[in-house]
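This report refers to the structure that appears directly beneath it.
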Amino acid sequence: MDPNTKLMLYRTIHVVGIILSFVSLGALATIAARGGEKRSKLPAIGHGVGLFLVLLGGFGMLAVLQKIGMIQGWPPWLIVKLLLWIGLGGAIALFKRRPDMVKATMGGCIAFGITAVVMAVFKPF
Ligand code: HEM
């Protein structure tokens with residue numbers, strides 16, 4: 001498969017993962033806001049699968065971009081994104097253990113997401 005097609009495939013997987021992760025985070029926030037009673041495992045599964053697809057697409061793009069010389073090593077903007085990704089992974093525990101903080105947790109997730117997009121598009125450092 002030529003590098004450009006691979007890049008488009010990994011970019012699609014990356015963005016699908018972002019959509020699935022944030023829809024699931026929204027569902028987890030709603031469950032937490034309603035007192036945390038478990039209705040379905042689906043939001044937690046969606047959160048896990050979504051973040052996995054973000055990582056798969058992200059590292060896939062990284063490998064292709066390194067191979068064609070567009071990126072050298074691991075630039076700081078990518079390290080920031082990985083830390084944000086870990087934060088979004090940890091949000092599920094906060095929704096479960098601290099439902100009283102649901103607004104702050106969801107606000108933090110949105111801020112993390114926006115920062116990750118800014119890092120990817122502007123690559124400020
Ligand atoms: C935390 C959640 C994340 C969000 C919201 C996010 C968002 C984005 C967006 C919107 C793009 C641009 C896609 C496009 O140009 O069509 C992108 C590109 C990219 N992301 Fe992420 N990303 C996240 C996490 C990650 C992680 C964890 C990695 C590393 C494994 C990663 C690696 C990349 C790479 C390599 C690109 C391509 C940059 C380029 O085209 O030069 N991202 N990301």
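Quick look at the numbers
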| quantity | calculated |
| --- | --- |
| Crossing angle, helix 42-67 versus the chain [Cα axis fit, 0-90 degrees, rounded to tens] | 10 degrees |
| Cα-based helix-to-principal-axis angle, 3-33 vs the chain, degrees rounded to 10 | 10 degrees |
| Solvent-accessible area per residue, Å², over the chain with all protein chains present [probe radius 1.4 Å] | 61 Å² |
| Solvent-accessible area of K123 with every protein chain in place, 1.4 Å probe, in Å² to the nearest 10 | 100 Å² |
| Ratio of Rg to Rh over the chain (Cα coordinates, Kirkwood Rh, two decimals) | 1.04 |
| Degrees, to the nearest 10: 76-97 long Cα axis against longest axis of the chain | 20 degrees |
| Dipole magnitude of the chain, debye to nearest 20 (Cβ charges: Lys/Arg +1, Asp/Glu -1, about Cα centre) | 280 debye |
| Percent accessible area from carbon and sulfur atoms, the chain, protein chains only, probe 1.4 Å | 73 percent |
| Farthest positive-ward along the chain dipole, Cα basis, beta-carbon charges - from M70, T105, L7 | T105 |
| Ordering of 98-106, 48-56, 24-32 by burial proxy (mean other Cβ atoms within 10 Å per residue, highest first) | 24-32, 48-56, 98-106 |
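The values are calculated or read from the model by the stated rules, or taken from the named source; none is laboratory data. The structure presented is a predicted model; accordingly, all values stated were derived computationally and were not measured. Virtual Cβ from ideal backbone geometry, glycine too; neighbours counted across all protein chains shown. Side chains included, ligands, DNA and RNA excluded: accessible areas come from the protein's heavy atoms. Shrake-Rupley method; radii C 1.70, N 1.55, O 1.52, S 1.80 Å.
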